[in-house]
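Down below is the structure, laid out as structure tokens.
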Amino acid sequence: MNRCPPILHSPLRRPQRWLAALAVSIFTLGASAQAMVREFPKNALRGTLVITAAPDITLDGRVDRLSPGARIRDPQNMLIMSGVLVGQELVVNYTRESAGMVHEVWILSPQEAQVKRSFALSIGNIRFASDPAPAVNLQLPFDQLPKYKP
């Protein structure tokens, strides 16, 4: 009893197919080695990140925090652990979660860092001890206060 059928379609029996498969794989490798263009979300901001002791970070010189499950991607778009980056000053694009913590971080290559992008804006109701006190005019009448616009 022969459990293994004879190999009828071996690539070695038909060298044309084998060479074609080899050529396709070589061209595919060459295309993937080219510079990759990453698309960032529209709400991603630009900043300078320093990880002090994960999850504590400084972002543009202000104390901040990484969210639980935060993802950091290197210039090759591979996930990287925050402990590897402790003490390094990095130019990044980042997004925040609904609680205001930094959730997704993309470390930028020098070419990506040259592309202009908006910078960090203050978040409405979150304030850190290191932030300067907001200028508030307590003498302003109620009817002259700014109105909420959805």
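The values are calculated or read from the model by the stated rules, or taken from the named source; none is laboratory data. Note that this is a predicted model, so its numbers are computed, not measured. Don't worry about glycine lacking a Cβ; one is built from the backbone with ideal geometry, like all the others, and counts go over all protein chains shown.
Does any residue of the stretch 112-122 turn out to be out of contact with any strand residue (DSSP E or B) (no Cβ under 7 Å at 6 or more places or on another chain), more than 30 Å from MET36 (Cα to Cα) and modelled with pLDDT under 95? Yes, there is a match, as at least one residue in the stretch 112-122 is out of contact with any strand residue (DSSP E or B) (no Cβ under 7 Å at 6 or more places or on another chain), more than 30 Å from MET36 (Cα to Cα) and modelled with pLDDT under 95. Which one is farthest from VAL63 (Cα to Cα) among residues in the stretch 80-94 that are more than 9 Å from the chain's Cα centre (by Cα) and among the aliphatic types (A, V, I, L, M)? Going through the qualifying residues, I end up with ILE80.
For (1) modelled with pLDDT of 95 or more; (2) of a type in the set (S, T, N, Q); (3) assigned to a strand (DSSP E or B), each residue gets a yes or a no:
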position	(1), (2), (3)
SER25	no, yes, no
GLY30	no, no, no
ALA35	no, no, no
GLU39	no, no, no
LYS42	no, no, no
ARG46	no, no, yes
THR52	no, yes, yes
ARG71	yes, no, yes
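For the stretch 70-93, the set of residues classified as over 16 Å from GLU112 (Cβ atoms) and basic (Lys, Arg) consists of ARG71 only. When LEU79 is tested against (1) under 20 Å from ASN43 (Cα atoms); (2) surrounded by fewer than 10 Cβ atoms within 10 Å (Cβ to Cβ); (3) among the aliphatic types (A, V, I, L, M); (4) at pLDDT 95 or above, exactly one condition is not met: (1).
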